[in-house]
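Visitor: Quick one: the structure is below, and I'll ask about it shortly.
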Amino acid sequence: MLYEIHTGKRHHKLIEDAMAFIVTCLNIPDNVWVDIYVKTLEEGSLGGAVDMEDDGEYHYFELEINSKQSREEIVATLFHEMKHVEQTATGRLDQFIWEGKDYSGVDYMDRPWEKEAYAFEHRTAYEYKLR
């Protein structure tokens with residue numbers, strides 16, 4: 001996996017350090033490219049991952065992380081969204097299709113990919129803080 005961090009000096013080292021940790025916790029294919037943006041997002045948005053395209057050479061993703069969060073929240077959001085990159089890049093998640101089953105209309109917190117991402121986020125944020 002390759003990634004590029006798009007942010008100012010204030011958050012660059014934080015994201016760089018967190019990514020060095022989290023890539024060892026994920027199973028993301030080598031052909032994945034992730035652009036990470038830390039910026040002001042609309043009120044109430046912590047962040048998001050968008051599957052941009054697969055051009056045959058690379059599978060591109062964009063992550064947006066809300067810069068208005070604390071450092072700990074930025075790291076937790078990054079870990080959560082990187083889990084979604086893994087889920088999508090490995091074929092387990094495609095929009096509202098999770099492992100072949102359609103979850104359209106299911107409440108956000110009842111979606112299996114969100115449950116998995118939140119559990120991953122909590123576990124890895126805790127491990128990251130302890131190191």
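Visitor: Which count do you get for residues in region 21-36 that are open to solvent by less than 60 Å² (accessible area, probe 1.4 Å) and either part of a helix (DSSP H, G or I) or of a type in the set (Ser, Thr, Tyr) (or both)?
Guide: Residues meeting the conditions: 4.
Visitor: Quick check, is Glu4 in contact with a strand residue (DSSP E or B) (Cβ under 6 Å, 6 or more places away or on another chain) and not in a helix (DSSP H, G or I)? Steps first, please.
Guide: On the way: in contact with a strand residue (DSSP E or B) (Cβ under 6 Å, 6 or more places away or on another chain): yes; not in a helix (DSSP H, G or I): yes.
Considered against the rule, which asks whether it is in contact with a strand residue (DSSP E or B) (Cβ under 6 Å, 6 or more places away or on another chain) and not in a helix (DSSP H, G or I), Glu4 comes out as yes.
Visitor: Among the residues in region 46-54, are any over 17 Å from the mean Cα position of the chain (by Cα) and open to solvent by 70 Å² or more (accessible area, probe 1.4 Å)? If you could, list the steps in order and put the result at the bottom.
Guide: Of the residues in region 46-54, the ones over 17 Å from the mean Cα position of the chain (by Cα) are 54.
Narrowing further to those that are open to solvent by 70 Å² or more (accessible area, probe 1.4 Å): 54.
Yes, because at least one residue in region 46-54 is over 17 Å from the mean Cα position of the chain (by Cα) and open to solvent by 70 Å² or more (accessible area, probe 1.4 Å).
Visitor: Within region 84-107, work out how many residues are within 16 Å of the chain's Cα centre (by Cα) and open to solvent by 70 Å² or more (accessible area, probe 1.4 Å).
Guide: 2
Visitor: Follow-up question, since we're still on this one. May I ask you to list the residues in region 108-131 that are hydrophobic (A, V, I, L, M, F, W, C), open to solvent by 30 Å² or more (accessible area, probe 1.4 Å) and under 20 Å from Asn27 (Cα atoms)? Reasoning before the result, please.
Guide: Quick first cut of region 108-131, residues hydrophobic (A, V, I, L, M, F, W, C) only: 109, 113, 117, 119-120, 125, 130.
Now drop any that are not open to solvent by 30 Å² or more (accessible area, probe 1.4 Å), which leaves 109, 119, 130.
If the condition is that a residue be hydrophobic (A, V, I, L, M, F, W, C), open to solvent by 30 Å² or more (accessible area, probe 1.4 Å) and under 20 Å from Asn27 (Cα atoms), then Ala119 is the only one that fits.
Visitor: How do the pairs read when you match residues in region 88-102 that are in contact (Cβ under 8 Å) with a residue 40 or more places away in the chain with residues anywhere that are assigned to a loop (DSSP other than H, G, I, E, B), using Cβ under 6 Å and keeping only pairs 6 or more apart or on different chains?
Guide: Ala89/Ile28; Ala89/Pro29
Visitor: Let me spell it out: the conditions are (1) touching a residue at least 40 places away in the same chain (Cβ under 8 Å); (2) part of a loop (DSSP other than H, G, I, E, B), and Glu57 meets all of them except one. Which number is the exception?
Guide: (1)
Visitor: Does region 101-114 contain any residue that is touching a strand residue (DSSP E or B) at 6+ places or on another chain (Cβ under 8 Å), farther than 16 Å from Met19 by Cα and hydroxyl-bearing (Ser, Thr, Tyr)?
Guide: For region 101-114, residues touching a strand residue (DSSP E or B) at 6+ places or on another chain (Cβ under 8 Å), farther than 16 Å from Met19 by Cα and hydroxyl-bearing (Ser, Thr, Tyr): present.
Visitor: Within the group Ala117, Ala76, Ala125, which residue is in a helix (DSSP H, G or I) and touching a Lys or Arg at 6+ places or on another chain (Cβ under 8 Å)?
Guide: Ala117
The values are calculated or read from the model by the stated rules, or taken from the named source; none is laboratory data. This is a predicted model, so every value here is computed, not measured. Heads up, the Cβs are rebuilt from the backbone with ideal geometry, glycines too, and the neighbour counts pull from every protein chain shown. Ligands, DNA and RNA are stripped out before the accessible areas are found, and what is left, the full protein with its side chains, is counted by its heavy atoms. Shrake-Rupley method; radii C 1.70, N 1.55, O 1.52, S 1.80 Å.
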